[in-house]
Amino acid sequence: MNDLLSSLLRAADPGTVKRGDPLSALGLRELAAYEAREAALARSSRSNSISSPRRQVWRPMPLAAGGAFLVLLFVVVFAATSVLRPAPAVAATPPLLELASVSQSAPELLKEMENMRRKGQPPGMTIRAQSWALNTSIGEDGMIESSVVEPQWSETTFLPDGSVRYRLVTADPFPGQNDDTLPEPGTVLVDEVFLPGDWDTPVDEAPPTGVGDVAAYLATLTGADTLTGGQAIREISTIVSNTLLTPEQEAALIGYLNTLGGIQVSGSTTDRLGRVGIVFSATDRDPEQFEDRLIISPSSGQILATETLYIGSDRTDIASPAVIDYTAWER
């Protein structure tokens, strides 16, 4: 890892594990996912034609908190490193969602969905999600070699004895995606059972059930006293991916968004899993670079999906706007 990248990592994330420190169970899980995916790619007969040495600058994991920082970090490194040269081709990313106008305001809709969710059904014991994330590779010469969206499906099951089974499987490419460099759909990347106490969560305490307690909870989670709307959407995504939320806990998270500025209604849509949802968005996490979106069901108040759009102008390997990550929970 070069000195610039190392210094940026330390500055942006003081909690980064130091060299020689033991990895937590969460770190080991992420490392296992990384190594399994690399092995699957190496076994694939449809290997990447690029043969020059590579180092991975950004390979997001579905259970890692702080994914927003990694997206931002790459853009910072891209802009600050003069040796970077344009990629030879523009990578395909998932198509943008089609939006229809909505007459109600964000505060009205969020309040309605908060109340609706509080009356909803409790969760089961499994969190299932489909996700797409942009993986960008940079060569030793500093040039972007490839940018590809990696589709994955995950299943986290909380067992009665307190153990947790986590499975990560390669999912189907999005329609029109060139999958020549991807493992075959159905390739098992991780399938592991974590003994009671070994499954890491962002914080030990359960999410609160009151809107007024969410800010303090997220401060514990992030170490930041205040969050922008976009940051809050990213953290809510992490919580939904790791926690079996009760209706009251999920309603509190939705209600908390109503206390923030910067949350807007982009419109209604049909999400990647064919469900109708209302799209709430924020561009205040990194203005003119990213737009964060949260999709909520207008019929149940449940959080259905999150996605991040790149809306900047610095990158040449992807178009703008472009979907660079997306998580849809099967709920």
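The values are calculated or read from the model by the stated rules, or taken from the named source; none is laboratory data. Owing to the predicted nature of the structure, the values given are computational and were not obtained by experimental measurement. Cβ sites come from the backbone with ideal geometry, for glycine too, and all protein chains shown count toward neighbours.
Couple of notes before you dig in:
- Selected residue (only one of Pro123, Pro196, Pro173 is of a type outside the set (Gly, Ala, Ser), surrounded by 15 or more Cβ atoms within 10 Å (Cβ to Cβ) and over 30 Å from Arg315 (Cβ atoms)): Pro123
- Test: residue in the stretch 173-184 that is modelled with pLDDT of 95 or more and in contact with a Ser or Thr (Cβ under 8 Å, 6 or more places away or on another chain): no
- Boolean, Thr283 is over 19 Å from the mean Cα position of the chain (by Cα) and surrounded by fewer than 22 Cβ atoms within 10 Å (Cβ to Cβ): no
- Pairs, first closer than 30 Å to Val193 by Cβ and at pLDDT below 75 in the stretch 134-156, second hydrophobic (A, V, I, L, M, F, W, C) and surrounded by 21 or more Cβ atoms within 10 Å (Cβ to Cβ), C-beta under 9 Å, six or more apart: none
- Any hit, the stretch 104-111, residues being within 30 Å of Arg165 (Cα to Cα) and either of a type outside the set (D, E, K, R) or assigned to a helix (DSSP H, G or I) (or both): no
- Taken together, the residues in the stretch 159-199 that are among the charged types (D, E, K, R) and over 21 Å from Ala129 (Cα atoms) amount to 3.
- Criterion applied to Ala251, Ala282 was being closer than 25 Å to Arg315 by Cβ, hydrophobic (A, V, I, L, M, F, W, C) and in contact with a helix residue (DSSP H, G or I) (Cβ under 6 Å, 6 or more places away or on another chain), and the one residue passing it is Ala282.
- The listed residue being in a strand (DSSP E or B) and at pLDDT below 95, out of Ile318, Ile324, Ile295, Ile278: Ile324
- Single residue of the stretch 244-270 satisfying the filter (within 19 Å of the chain's Cα centre (by Cα) and not acidic (Asp, Glu)) that is farthest from Gln231 (Cα to Cα): Leu244
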